[in-house]
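Everything below concerns the one structure shown next.
FYI, it's all coordinate maths here, none of it is from the lab. Because the structure is predicted, anything quoted here is derived from the model rather than measured. Note: ideal-geometry Cβ built from the backbone for every residue, glycine included; neighbour counts use all protein chains shown.
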């Protein structure tokens, strides 16, 4: 019996729900927290980002190139900030933020209480690795969260082009000993991530396990889980998002263009620039970027 168009459509919708349970559609922003936002801002500008907006009521700034948004947060809000920047949050684009939040809580996520000021959006958020947070954002197309919370910098292009076609590729997460399965389950159950086969690797640092988001190809991203090296003491208390991965179609061209801006890349016996990827030297004691060959669909 041939299925009707309505039935076929329902089947496709059911498959989509199973493989992408919260309608995940990429990364909206990554947030750094630090006590010296100007110093981090200089690093981001060297990497090709432009300061485009400031938060209306907090010491928070927005940097952008292409569709990559990075927030620099120096607002204490009761927490201790250090001179060394840390990745404090990752915001995920989803079909329905409230529904994604409810589902995450139903599957074991921990809620983060929020205090919304006047003229601010209430963005659903859960606990991520370490002290980080995971936001759910469903306003990212014609109307975005920045339209409410941020004031544009006058005379600055709000949509500066991406240098060498850079785009979000993912993030590297350091985890404790024997914690790979725990974190794989976390990302699988809450968001629908799938672990890649051991032989499928990206870039120049193919350690640990790589998880693939269930997004469509153009917005797909990856989480790389890395345990301590053999013989290293347990570092579960130091679990954290370590660095951002940026995709580009031509790594060598991107390295050349960034090099002209003063970006230095690691060249050693084990890590060096090649067509598969490159790793910047570390700024401010903690900030580095990994370039990964990735041809967007």
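May I ask you to derive the relative contact order of the range 155-274, considering only C-alpha pairs under 8 Å and at least 6 residues apart, and to give it as an integer percent?
Values: 167 pairs, mean separation 44.5, N = 120.
Across the range 155-274, relative contact order equals 37 percent.
What is the chain's relative contact order, in percent, from Cα pairs under 8 angstrom and six or more apart in sequence? Walk me through the numbers before you get to the answer.
Details: 608 pairs, mean separation 58.4, N = 297.
Relative contact order of the chain: 20 percent.
Could you calculate the FRET efficiency of residue 196 with residue 83 from 1/(1 + (r/R0)^6), where r is the beta carbon distance between them and R0 is 35 Å, rounded to 0.05? Can you show the working numbers first?
Details: r = 36 Å, r/R0 = 1.03.
Efficiency, rounded to the nearest 0.05: 0.45.
Neighbouring Cβ atoms within 10 Å as the yardstick, rank 289, 136 fewest first. Provide the component values of the computation, followed by the final result.
Numbers: 289 21, 136 25.
Fewest to most other Cβ atoms nearby, the residues stand as 289, 136.
Once the piece of chain linking residue 180 and residue 249 is laid out straight, how much longer is it, given 0.36 nm per residue of separation minus the C-alpha distance between them? Spell out each step's value before the answer.
Details: separation 69, 0.36 × 69 = 24.84 nm, distance 2.96 nm.
Taking 0.36 nm per residue and subtracting the Cα distance, the gain is 21.9 nm.
Just to be sure I understand the model, the point goes 7 Å from the Cα along the line to the Cβ. What's the resulting residue 260 to residue 110 distance in nm?
Once both label points are built, they end up 4.7 nm from each other.
Full extension from residue 102 to residue 218: what is 0.36 nm times the residue separation minus their Cα-Cα distance, to one decimal in nm? Working shown, then result.
Values: separation 116, 0.36 × 116 = 41.76 nm, distance 2.63 nm.
Extra length available between residue 102 and residue 218 comes to 39.1 nm.
In the range 164-293, what % of DSSP beta bridges are antiparallel (nearest 5)? Intermediate results must be reported in sequence, preceding the final value.
Working: 19 of 29 bridges.
Taking every DSSP beta bridge with both residues in the range 164-293, the antiparallel ones total about 65 percent.
How many Å³ per residue does the convex hull of the Cα positions in the range 27-152 occupy?
Details: hull volume 13.6 nm³, N = 126.
It comes to 108 Å³ per residue, whole-number rounded.
Sort the following peptides by mean Cβ neighbour count (other Cβ atoms within 10 Å, averaged over residues), highest first: 210-221, 265-276. Write down the numbers at each step before the final one.
On the way: 210-221: 17.6, 265-276: 12.2.
Per-residue Cβ counts within 10 Å, averaged per peptide and sorted highest first, yield 210-221, 265-276.
What spacing in nm lies between the two simple spin-label points modelled at residue 36 and residue 76, each 7 Å away from Cα in the Cβ direction?
Each label point is offset 7 Å from its Cα along the Cβ direction, giving 1.9 nm.
Principal axes first, then extents: for the Cα atoms of the range 14-97, list largest minus smallest coordinate on each axis, whole Å, largest first.
47, 31, 24
Does the range 164-293 classify as rounded, prolate or oblate by the C-alpha gyration tensor (a ≥ b ≥ c root eigenvalues; a/c under 1.5 gives rounded; else a/b over b/c gives prolate, otherwise oblate)? Walk me through the intermediate numbers first.
Numbers: a/c = 2.02, a/b = 1.33, b/c = 1.51.
Oblate, since a/c reaches 1.5 and b/c is not below a/b.
If a/c stays under 1.5 just call it rounded; otherwise compare a/b with b/c (prolate if a/b is bigger, oblate if not). Do that for the range 104-177, with a ≥ b ≥ c from the square roots of the Cα gyration tensor eigenvalues.
On the way: a/c = 2.46, a/b = 1.30, b/c = 1.89.
Note, shape of the range 104-177 comes out oblate.
Residue 156 label point, 7 Å along Cα→Cβ, cut-off 12 Å on backbone N: hits in the range 58-78?
Residues 60-65, 70-72 fall inside that zone.
With n ≥ 4 as the cut-off for DSSP H runs, can you work out [θ] at 222 nm for the chain, using -39500 (n - 2.57) per run divided by the number of residues, rounded to the nearest 500?
-6000 deg cm²/dmol
What fraction of the DSSP beta bridges in the range 20-163 is antiparallel, stated in percent and rounded to the nearest 5? Can you show the working numbers first?
Values: 24 of 33 bridges.
Just about 75 percent of them are antiparallel.
Classify the chain as rounded, prolate or oblate from the Cα gyration tensor: take a ≥ b ≥ c as the square roots of its eigenvalues, call it rounded if a/c is under 1.5, otherwise prolate when a/b beats b/c and oblate if not.
Numbers: a/c = 1.33, a/b = 1.13, b/c = 1.17.
In terms of gyration-tensor shape, rounded.
Work out how much length residue 276 to residue 295 would gain on full extension: take 0.36 nm times their residue separation and subtract the Cα-Cα distance, in nm to one decimal.
Numbers: separation 19, 0.36 × 19 = 6.84 nm, distance 1.14 nm.
Length gained between residue 276 and residue 295: 5.7 nm.
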